[in-house]
Amino acid sequence: MRKVFLTSVFMLMMTSLFTACGSTTTTSTSTPAAKDSAAPATAEASKPKKSSYLIGMSQANLGEPWRVTMNAQIAEAAKKYPDFKVVYADAAQDNSKQIADVENFIQQKVDLLIISPNEAKPLTAVVKKAYDAGIPVITLDRRVEGDSFTQHIGADNVIIGKGIGEWVAKTLGDKGGNVVEIKGLEGTSGQKERHDGFMEGIKSNPNIKIIAAQNADWLRDKAISVMEGILQANKKIDVVFGHNDPMAEGAYTAAKNAGREKEMLFVGADGLPTPDGSIKSILAGRLNATYVYPTGGQEAIDNAHKLLTEGSKLEKQVILGTQEINKDNAAEMLKKYGGQ
């Protein structure tokens, strides 16, 4: 009887052992890892830290001094991080060229893409392609459609446009006046938002009349020719609003060439402290006011480093501040922003 009992215990122990081994084998051969590897890559996936990182910077154009300053600020900020190498591409206001530039960065397998899109809609698909390929994307200044990007950095163009509109409404007073609007490149988010904000800002003065509104594509030289035509067609102009400072400067040049610069006021947006920037123009009496539009270059590099080296999750939107600059505070603002 004792022998039968011991035999039964032995058989029960062996059965339990084999059952446990079978359970362990089943667990180890399950395939969650294989499932994960088959999942599509995303720009938010965590990546191992590297000794160096390649950053691709796709610029809409370098015909605007503000964009040259953006690139310069990116380069200066990157000096703080020896593990960063930034390579640049200039789309020269050509959507097809910028698409090709981004495709090239994807082929290079850059660690992060910074892009200031020439236009939103045409660049959306290729930005999404980079993002879906696992490349984090920071958009600067101008947006793309949808949400296939890691972070957008830029000032609020509606607020800037509204501030300029309020400045015009207040400056012209109850009598109002005739206003010319020289707009940026059609199809860019900044052009639409600055216009919308401006129209909101001048609502408080019903005696303001927009007598001409034409595109000069953010370019000074084009603004000169556009303003020449406007001057010929309009005998009375009180204020010219250029969507950026180079266009406001171009309008001033055209008016001066026609001997009419003292008849009107000129206002723009960017507020650069550079030798050819608008703060110096205000001090020289060419422009009457501007609104600061930060490039976001330093913020883009700092946030890229946080993402790539620290694994920090970035906010989807970073809105940069603005400030009015006029003849009363221009000298102070020039010093504040590092100009000489």
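Since every read-out is calculated from the coordinates, none of them should be taken as a lab result. Quantities reported herein were computed from a predicted structural model and do not represent experimental measurements. Because the Cβ atoms are built from the backbone with ideal geometry, glycine has one as well, and the counts that use them run over all protein chains shown.
Near the amide H of Asn61, within less than 5 Å, lie the amide hydrogens of Ala91, Ala92, Gln93, all on another chain or at least 5 residues away, with H placed in the peptide plane. Computed over neighbours whose Cβ is under 9 Å from that of Val292, the net charge equals -2, Lys and Arg +1, Asp and Glu -1.
Membrane-span-like helices of the chain, defined as complete DSSP H segments with a Cα extent of 27 Å or more along the helix axis and a mean Kyte hydropathy of at least 1.6, are absent.
Summary of packing: across the peptides 253-259, 155-161, the per-residue average of other C-beta atoms within 10 Å ranks them, highest first, as 155-161, 253-259. So which of Lys222/Lys262; Lys170/Lys280; Lys50/Lys129; Lys222/Lys256; Lys256/Lys335 end up more than 18 Å apart, counting from Cα to Cα? Beyond 18 Å between Cα atoms: Lys222/Lys262; Lys170/Lys280; Lys50/Lys129; Lys256/Lys335.
Highest mean first, the peptides 101-113, 217-229 sorted by other C-beta atoms within 10 Å per residue fall in the order 217-229, 101-113.
Scanning residues 5 or more positions from Val240 or on other chains, those with amide H under 5 Å from its amide H are Val180, Leu265, Phe266, Val267, with H placed 1.01 Å from N in the peptide plane.
You can think of it this way: the chain between Glu200 and Asp94 has 35.1 nm of extra reach, that is 0.36 nm per residue less the Cα-Cα gap. Backbone geometry of region 48-57 corresponds, through the Karplus equation with coefficients 6.51, -1.76 and 1.60 at θ = phi - 60°, to 3J(HN,Hα) couplings of x, 5, 10, 7, 8, 9, 9, 10, x, 10 Hz, x marking Gly and Pro. With θ taken as phi - 60° and the Karplus curve 6.51 cos²θ - 1.76 cosθ + 1.60 applied, the whole-hertz 3J(HN,Hα) list for region 262-272 is 7, 7, 9, 9, 10, 9, x, 8, 2, x, 6 Hz, x standing for glycine and proline. Nearest 500 deg cm²/dmol is fine: what mean residue ellipticity at 222 nm does the chain get from its DSSP H runs of n ≥ 4 alone, each adding -39,500 (n - 2.57), divided by its residue count? Calculated at 222 nm, the ellipticity per residue is -15000 deg cm²/dmol. Spatial offset of region 48-103 relative to region 169-216 amounts to 32 Å, using the alpha carbon center of each. Beta-bridge orientation, the chain: approximately 5 percent antiparallel, per DSSP, counting only bridges with both partners inside. Ordering 236-248, 139-151, 307-319 by mean Cβ neighbour count within 10 Å, with the highest value first, yields 236-248, 139-151, 307-319. For the chain, the Kirkwood estimate of the hydrodynamic radius, built from every pair of different alpha carbons, is 22.8 Å. Residues whose amide H comes within less than 5 Å of that of Asn215, counting only those at least five positions distant or on another chain, are Lys183 (H built at 1.01 Å from N in the peptide plane).
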